[in-house]
Amino acid sequence: MTLEQEGIASAGWFCGYTPIEILDAAGMAPVRITGERASSGVADSLMHTNICPYVKACLESAAGGKLDFLKGAVFTNGCDAQRRFYDIWRSVVPDVPAFLLAVPRRGDDAGALAFAARLAEFKDWAEETFETQITDDKLRESIRAYAKLRKALAGMDDARESGEIDMPGSRAMEIYLEAQKTPPGAALDMLEKEIAAAKARAATGNAAKGPRLLLAGNMTDDPELARMFESYGATVVSDALCAGSRFSSTAPPDPDIPPLKALARAYLRKSPCPRMVDADDYASRLVRKIEATKPDGVVFHILKFCDAHLYDMPFIRDALRSAGVRTLIIEGDYTSGSGQLATRAQAFLETI
Ligand code: SF4
């Protein structure tokens, strides 16, 4: 059953720098929006062709009335595409209130201070829009619930990487996506069942033993990408994706400081998106993940027109080369792959 069918009020979000604890504390189910894969052309009539295909896919859903069930939607200035989407949303979905959250590009103390002030505005908007009061106690409760969920997701990743559980990368991606569309308590229940089943599978000793791959990139929310590599015998052991392990990389906010300040610090210091000024941090964390998981190859999937990732690609490519790992870079268009992609995938697997 969908949240709407269950009568659970939902609020939509798009960017990983959105502190969804504030939506949860407002009594909303935070739902990460993933868009339509098929295009009817409406988004093309509303936005320039050279705009992020994920944003356009979400606009397609919005224009098609598929997001009318939301009680509100939160955008960030994470990139210009999101920024433009917010502008258009207000005319395409006027009945669903929208908020634009300004996210600093630095995770230092000054950045955290500025972000905390923006989060106070976000909280005010949520209280007014959802007609509720968000107390510090409610916020701390939501912070604990999401910290628990993220810890369990990170535990799932560690267990996958070590072989303690037998869980295909495509299934792990589905679980991550589900966890970002489900209230944290229910998501944790779902996750614990999945991990128990994967542990039982591992005990049979039949886990796939093909070339080990790590998937990296931006808003790749299609398990079909991992499934394609798995169908050619690879084992997707880990990821560094925006809607994957970067979601669980937010450290538990400090319980000893005011919750909005704690959220601001925690989100700005999570595994970064290339939109953040410190590109070194992005590349070095990726290299550390590679050293820890020892993949035979890295597949870097970037949605086209994503300036933040494309600007950093030469830098990231050098970092991957220095890590001595074979890398396949794929530019995606938010469709579920093509024959050409399949050929490149097979050729890459033959080289590792
Ligand atoms: S994939 Fe890139 S362009 Fe698209 S929403 Fe994310 S950061 Fe923006």
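The values are calculated or read from the model by the stated rules, or taken from the named source; none is laboratory data. Just so we're clear, the structure is a prediction, and the values are computed from it rather than from any experiment. Methodologically, a virtual Cβ is constructed for each residue, glycine included, from the backbone with ideal geometry; neighbour enumeration extends over all protein chains shown. Calculation scope for accessible area: heavy atoms of the full protein, side chains included, ligands and nucleic acids excluded. Shrake-Rupley method; radii C 1.70, N 1.55, O 1.52, S 1.80 Å.
Out of 267, 282, report the one residue that is without any contact (Cβ under 8 Å) to a residue 40 or more places away in the chain, of a type outside the set (Lys, Arg), within 16 Å of the ligand (Cβ to nearest atom) and in a helix (DSSP H, G or I).
Every option except 282 fails the conditions.
Mind checking which residues of the stretch 297-314 are surrounded by fewer than 19 Cβ atoms within 10 Å (Cβ to Cβ), outside any loop (DSSP other than H, G, I, E, B) and touching an Asp or Glu at 6+ places or on another chain (Cβ under 8 Å)?
Scanning the stretch 297-314 gives a single hit, 307.
Contact list please: Cβ distance under 6 Å, first residue in the stretch 206-223 and touching a residue at least 60 places away in the same chain (Cβ under 8 Å) and part of a loop (DSSP other than H, G, I, E, B), second residue surrounded by fewer than 21 Cβ atoms within 10 Å (Cβ to Cβ) and hydrophobic (A, V, I, L, M, F, W, C), pairs at least six apart or on different chains.
Taking only residues 6 or more apart or on different chains, the pairs are 211/349; 211/352; 221/177.
Of the residues that make up the stretch 207-217, is at least one on the phi > 0 side of the Ramachandran plot, touching a helix residue (DSSP H, G or I) at 6+ places or on another chain (Cβ under 9 Å) and buried (at least 21 other Cβ atoms within 10 Å of the Cβ)? Explain how you work it out, then say what you get.
The first filter runs over the stretch 207-217 and keeps only residues on the phi > 0 side of the Ramachandran plot, leaving 217.
Right, trim to touching a helix residue (DSSP H, G or I) at 6+ places or on another chain (Cβ under 9 Å) and you get 217.
Restricting the remaining residues to those that are buried (at least 21 other Cβ atoms within 10 Å of the Cβ) gives 217.
Yes, that holds for at least one residue.
Please verify whether residue 230 is open to solvent by 50 Å² or more (accessible area, probe 1.4 Å) and of a type outside the set (A, V, I, L, M), treating the condition exactly as stated.
Considered against the rule, which asks whether it is open to solvent by 50 Å² or more (accessible area, probe 1.4 Å) and of a type outside the set (A, V, I, L, M), residue 230 comes out as no.
Does residue 124 satisfy the criteria of being open to solvent by 40 Å² or more (accessible area, probe 1.4 Å) and closer than 24 Å to residue 74 by Cα? Steps first, please.
On the way: open to solvent by 40 Å² or more (accessible area, probe 1.4 Å): yes; closer than 24 Å to residue 74 by Cα: yes.
Criteria met by residue 124.
For the stretch 315-329, indicate whether the set of residues that are in contact (Cβ under 8 Å) with a residue 60 or more places away in the chain, within 16 Å of the ligand (Cβ to nearest atom) and farther than 26 Å from residue 118 by Cβ is non-empty.
no
Looking at residue 161, is it at pLDDT below 95, of a type outside the set (Phe, Trp, Tyr) and not in a loop (DSSP other than H, G, I, E, B)? Show your work before the answer.
Values: at pLDDT below 95: yes; of a type outside the set (Phe, Trp, Tyr): yes; not in a loop (DSSP other than H, G, I, E, B): yes.
Criteria met by residue 161.
Restricted to the stretch 315-332, and to residues that are open to solvent by less than 70 Å² (accessible area, probe 1.4 Å) and of a type outside the set (A, V, I, L, M, F, W, C), which residue is farthest from residue 158 (Cα to Cα)?
Ranking the qualifying residues of the stretch 315-332, first place goes to 332.
Do any helices (runs of 4 or more DSSP H) entirely within the stretch 1-99 hold 2 or more residues that are open to solvent by less than 60 Å² (accessible area, probe 1.4 Å) and charged (D, E, K, R), and if so, which?
Working: elements: 21-25, 42-46, 53-63, 80-92.
Helices (runs of 4 or more DSSP H) meeting the threshold: 21-25, 53-63.
Out of the residues in the stretch 100-113 meeting the condition of being assigned to a loop (DSSP other than H, G, I, E, B) and either among the small types (Gly, Ala, Ser) or open to solvent by 60 Å² or more (accessible area, probe 1.4 Å) (or both), tell me which one is nearest to the ligand (Cβ to nearest atom).
In this case the residue turns out to be 105.
Could you list, in sequence order, the residues of the stretch 238-287 that are open to solvent by 10 Å² or more (accessible area, probe 1.4 Å), among the small types (Gly, Ala, Ser) and farther than 25 Å from residue 174 by Cα?
Listed by number, the residues that qualify are 279, 284.
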